[in-house]
Amino acid sequence: MQMKTKIAQYFSLVKFSHTVFAMPFALLGFFIAINDSHKNLDWQILIYIVLCMVFARNAAMAFNRYSDRVIDKNNPRTANREIPAGKIGKNQALVFTIINSILFLICSSLINFTAFFLSPVALLIILTYSYTKRFTFLSHLILGLGLSIAPAGAYIAVQETISPVILMLSGVVLLWTAGFDILYSLQDEDFDRKNNLFSIPAKYGRVKALFISAFIHVACSALLICFNIAMNANFLMWSATAIFLILLTYQHLIVKKDDISRVNIAFGTLNGIASVIFATLSIFSLYYTA
């Protein structure tokens, strides 16, 4: 029972459920690469990609919690997180980060040389994000950059190269993530400002932050439409895009300047659903024949 509790605490530490944000786009990148190369489905590579995603995200989240342990302790909203609450020690979180980072590098080496060569760069981006809030309000874009690696990395795992179309998809993920992270950070606007932490809400205030988030998501929507055109999308992919954009719009309708009580629904639920539906229908569209 104690072991199950500890495992549950580690799952909570890394917010394993939030893997739903990037994982579907990694799978989409994989299947686009398969489709482009006309190769047969390689289950071994697919498994390595999934493992890389899990290990990379575990490392990133654990290190984020480790680096933010003092900030989290002082913030009433996050004081009950695993490290400040004493459920997981700071050294345990650091060891967990190192183990997952090593496993990520090992899995990358089993894919191909290009993936392995670029894996330290990916690791550097997702780990250093944890410190960006200390010196730049553009930290939202750095987080987006970290998640945008998912489809590009999966494509490289198959093709050992990159394509303009997959870069467009990565750009969509970057802008989508940055936009919803701004909404999420509205919860800490006052705390960030008082503690000299950088975020768009802390720098510009709630009203302007909502506008900036919406503007970024408009850019995301435009790039997503361009991605569809470049993919010569059929009705399934366009349907996936329409659902994604509706859910993207809806989160801006429920998070308001005078009421951010539903921000967690916008952040977690809506974006998770949008990611899964978009990726699933888009993958099916690659194999659809009228």
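The values are calculated or read from the model by the stated rules, or taken from the named source; none is laboratory data. Quick caveat: nothing in here was measured; it's all calculated off a predicted structure. Every residue, glycine among them, receives a Cβ derived from its backbone with ideal geometry; neighbour counts consider all protein chains shown.
Taking only the stretch 110-138 into account, find how many residues are part of a helix (DSSP H, G or I) and farther than 22 Å from M61 by Cβ.
If we filter the stretch 110-138 for residues that are part of a helix (DSSP H, G or I), which is where we start, we get 113-132.
Going one step further and asking which of them are farther than 22 Å from M61 by Cβ, we end up with 113-114, 116-117.
Result for the stretch 110-138: 4.
Which members of the stretch 25-41 meet the condition of being among the aliphatic types (A, V, I, L, M) and in contact (Cβ under 8 Å) with a residue 12 or more places away in the chain?
Here is the first cut: in the stretch 25-41, the residues among the aliphatic types (A, V, I, L, M) are 26-28, 32-34, 41.
Hits for the stretch 25-41 are A26, L27, L28, I32, A33, I34.
Which residue out of A178, A157 is under 25 Å from I212 (Cβ atoms) and modelled with pLDDT of 95 or more? Steps first, please.
Values: A157 fails: under 25 Å from I212 (Cβ atoms).
One residue alone meets the criteria, A178.
Within the set of pairs 6 or more residues apart or between chains, which connect a residue that is closer than 13 Å to A22 by Cα inside the stretch 42-55 to a residue that is of a type in the set (V, I, T) and assigned to a helix (DSSP H, G or I) with Cβ atoms less than 8 Å apart?
Every condition considered, the pairs that remain are M53/T19; V54/T19.
Any residue in the stretch 177-199 that is free of Cβ contacts under 8 Å to residues at least 40 places away in the same chain, assigned to a helix (DSSP H, G or I) and touching a Gly at 6+ places or on another chain (Cβ under 6 Å)?
yes
Which residue out of S275, S285 is within 30 Å of E189 (Cα to Cα), in contact (Cβ under 8 Å) with a residue 24 or more places away in the chain and in a helix (DSSP H, G or I)? Steps first, answer last, please.
Values: S285 fails: within 30 Å of E189 (Cα to Cα).
Just a single option satisfies the conditions, and that option is S275.
If I filter the stretch 139-165 down to residues being within 16 Å of the chain's Cα centre (by Cα) and either surrounded by fewer than 16 Cβ atoms within 10 Å (Cβ to Cβ) or of a type in the set (V, I, T) (or both), which single residue comes out as nearest to A279 (Cα to Cα)? Don't jump to the end; show me each part of the working.
Of all residues in the stretch 139-165, those within 16 Å of the chain's Cα centre (by Cα) come to 139-154.
Cutting the leftovers down to either surrounded by fewer than 16 Cβ atoms within 10 Å (Cβ to Cβ) or of a type in the set (V, I, T) (or both) gives us 142, 149.
Numbers: I142: 23, I149: 15 Å.
The residue in question is I149.
If a residue has to be buried (at least 19 other Cβ atoms within 10 Å of the Cβ) and either more than 15 Å from A209 (Cα to Cα) or more than 21 Å from the chain's Cα centre (by Cα) (or both) to count, how many in the stretch 248-265 make the cut?
2
If you check L105, L28, L41, which single one turns out to be under 25 Å from T161 (Cβ atoms) and surrounded by fewer than 14 Cβ atoms within 10 Å (Cβ to Cβ)?
On the way: L105 fails: surrounded by fewer than 14 Cβ atoms within 10 Å (Cβ to Cβ); L28 fails: surrounded by fewer than 14 Cβ atoms within 10 Å (Cβ to Cβ).
Sole residue among the options that is under 25 Å from T161 (Cβ atoms) and surrounded by fewer than 14 Cβ atoms within 10 Å (Cβ to Cβ): L41.
Suppose the filter is of a type in the set (K, R), more than 15 Å from V14 (Cβ to Cβ) and in a loop (DSSP other than H, G, I, E, B); does R77 pass it?
Yes, satisfied.
Quick check on the stretch 223-233. Is at least one of its residues part of a loop (DSSP other than H, G, I, E, B), more than 26 Å from Y129 (Cβ to Cβ) and not polar (S, T, N, Q)? Before you say what the answer is, go through the steps one by one.
Of the stretch 223-233, the ones part of a loop (DSSP other than H, G, I, E, B) are 231-233.
Subsequent filtering for residues that are more than 26 Å from Y129 (Cβ to Cβ) retains 231-233.
Then drop every residue that is not not polar (S, T, N, Q), which leaves 231, 233.
Checked the stretch 223-233: at least one residue is part of a loop (DSSP other than H, G, I, E, B), more than 26 Å from Y129 (Cβ to Cβ) and not polar (S, T, N, Q).
Quick check on the stretch 5-13. Is at least one of its residues surrounded by 22 or more Cβ atoms within 10 Å (Cβ to Cβ), touching a residue at least 12 places away in the same chain (Cβ under 8 Å) and touching a Lys or Arg at 6+ places or on another chain (Cβ under 7 Å)? Please lay out each step first, then the result.
First, the residues of the stretch 5-13 that are surrounded by 22 or more Cβ atoms within 10 Å (Cβ to Cβ): 13.
With touching a residue at least 12 places away in the same chain (Cβ under 8 Å) added as a condition, the list becomes 13.
This time we only want the ones that are touching a Lys or Arg at 6+ places or on another chain (Cβ under 7 Å), so: 13.
Taking every residue of the stretch 5-13 in turn, at least one turns out to be surrounded by 22 or more Cβ atoms within 10 Å (Cβ to Cβ), touching a residue at least 12 places away in the same chain (Cβ under 8 Å) and touching a Lys or Arg at 6+ places or on another chain (Cβ under 7 Å).
Does F215 fit the bill of being farther than 22 Å from L147 by Cα and either part of a helix (DSSP H, G or I) or within 21 Å of the chain's Cα centre (by Cα) (or both)?
Details: farther than 22 Å from L147 by Cα: no; either part of a helix (DSSP H, G or I) or within 21 Å of the chain's Cα centre (by Cα) (or both): yes.
So F215 fails the test.
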